[in-house]
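Asker: This is the structure I have questions about; it appears just below.
The values are calculated or read from the model by the stated rules, or taken from the named source; none is laboratory data. The structure presented is a predicted model; accordingly, all values stated were derived computationally and were not measured. Cβ placement follows ideal geometry from the backbone for every residue including glycine, while neighbour counts extend to all protein chains displayed.
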């Protein structure tokens, strides 16, 4: 995992490859891309300046938070935010207070419930995303940079981060303040007992620190300090401002998603082609049925409902019964296959008489033979010439 520390203003970028690596410096964006290109890192966690945020902590129980809801939490910032609250990206987390290293010492324990709210302009989150989109990494988390140092472990303890021109004072697991004017900020913390400094304080910082009586001070180098959280904890952190819908999937999930989408598209195309093919077959069958009907009943030129018109012709013959329908259903396909139109159809005395127009006597004889092969009694009657063709009478019965 690649860690990127976004600068404030025109300061330098910081980057490290893993938790054991030290922080490296890149003077600008192009140098950052060049320096990290050899690391072969595909995913990154980005830390932006805490000074971009506004953090509010106030007492609130879990029941009160549930009743207030996300919209109510947003309006808690109305008195403090410079922007309208609907233009803010708001993230919050409930905690059980701060526990010291010695729970028996009540002076180092704050067991009350608090809600911790972090807000920053939604447009600024979009700008951060647009900047990182110019890189080659999949951004997994976008977090305030006070999370790069450990949280205080005691009630009256704070972490001072000195990074380039930034001063950040972390006073809790979810709370940190911009400490550009450190003397004024420390004046509001007279009960501070332990101050851990990450970086080198200047003379003004030193005078402000020495002004607090009884304050114990420890100095650490943030350049070689491992992050206090794991990659997974950073990604799941409640102050990760990266929109969940735009968070990048890692591992094999993109490939699996691509396969599922491809499978779905193939199935849709297959179903579409099959439906189109069945539709064409249905149209062809209907066209053949209409042509056969018109060849049997040439006076019927307008087809409205083929089934009802055919039934009407059958019912018009008083001697017609189901035997006629059975004969027609067996004779019709053979006529279509041989492409022989029937100019006249009559059914009487259980005999179906068909007047067939054919190219010659062999075609009529072939049709009679095919009907006989179907188990029907077929007889070829009179044959007469008709406009270069022949008109023959074929009698068929079961």
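Asker: From the list 142, 124, exactly one residue is at pLDDT 90 or above and part of a strand (DSSP E or B). Which is it? Give the steps one after another, and end with the answer.
Answerer: Working: 124 fails: part of a strand (DSSP E or B).
Matching residue, one of 142, 124: 142.
Asker: Follow-up question, since we're still on this one. Is it true that some residue in the range 363-374 is at pLDDT below 85 and either in a strand (DSSP E or B) or in the same structural domain as residue 331 (by TED's automatic domain parsing) (or both)? Steps first, answer last, please.
Answerer: At the first step, the residues of the range 363-374 found to be at pLDDT below 85 are 374.
When the remaining residues are screened for being either in a strand (DSSP E or B) or in the same structural domain as residue 331 (by TED's automatic domain parsing) (or both), the result is 374.
Checked the range 363-374: at least one residue is at pLDDT below 85 and either in a strand (DSSP E or B) or in the same structural domain as residue 331 (by TED's automatic domain parsing) (or both).
Asker: Collect the residues in the range 20-31 that are in contact (Cβ under 8 Å) with a residue 40 or more places away in the chain and surrounded by 14 or more Cβ atoms within 10 Å (Cβ to Cβ), keeping them in residue-number order. Let's see the steps before the verdict.
Answerer: Keep residues of the range 20-31 that are in contact (Cβ under 8 Å) with a residue 40 or more places away in the chain, which gives 20, 22-23, 29.
Result: 23, single match.
Asker: Could you please give the count of residues in the range 33-51 that are at positive phi and buried (at least 20 other Cβ atoms within 10 Å of the Cβ)? Outline the logic, then answer.
Answerer: Step one: of the range 33-51, the residues at positive phi are 40.
Subsequent filtering for residues that are buried (at least 20 other Cβ atoms within 10 Å of the Cβ) retains none.
The total comes to 0.
Asker: Need the failing condition index for residue 248 against (1) under 30 Å from residue 369 (Cβ atoms); (2) at pLDDT below 70, just the number.
Answerer: So the condition that residue 248 fails would be (1).
Asker: Tell me, please, whether a residue that is in a loop (DSSP other than H, G, I, E, B), modelled with pLDDT of 85 or more and buried (at least 19 other Cβ atoms within 10 Å of the Cβ) can be found in the range 59-66. Walk me through it before giving the result.
Answerer: Residues of the range 59-66 in a loop (DSSP other than H, G, I, E, B): 60-61.
With modelled with pLDDT of 85 or more added as a condition, the list becomes 60-61.
Then drop every residue that is not buried (at least 19 other Cβ atoms within 10 Å of the Cβ), which leaves 60.
The answer is yes, given that some residue of the range 59-66 is in a loop (DSSP other than H, G, I, E, B), modelled with pLDDT of 85 or more and buried (at least 19 other Cβ atoms within 10 Å of the Cβ).
Asker: When you scan the range 213-233, do you find a residue that is farther than 25 Å from residue 22 by Cβ and surrounded by 13 or more Cβ atoms within 10 Å (Cβ to Cβ), even just one?
Answerer: Going through the range 213-233, the residues farther than 25 Å from residue 22 by Cβ turn out to be 213-216.
Filter once more, keeping what is surrounded by 13 or more Cβ atoms within 10 Å (Cβ to Cβ): 215.
Yes; the residues of the range 213-233 include at least one that is farther than 25 Å from residue 22 by Cβ and surrounded by 13 or more Cβ atoms within 10 Å (Cβ to Cβ).
Asker: Output the residues belonging to the range 150-165 that are surrounded by fewer than 20 Cβ atoms within 10 Å (Cβ to Cβ), under 20 Å from residue 12 (Cβ atoms) and in contact with a helix residue (DSSP H, G or I) (Cβ under 8 Å, 6 or more places away or on another chain).
Answerer: 162
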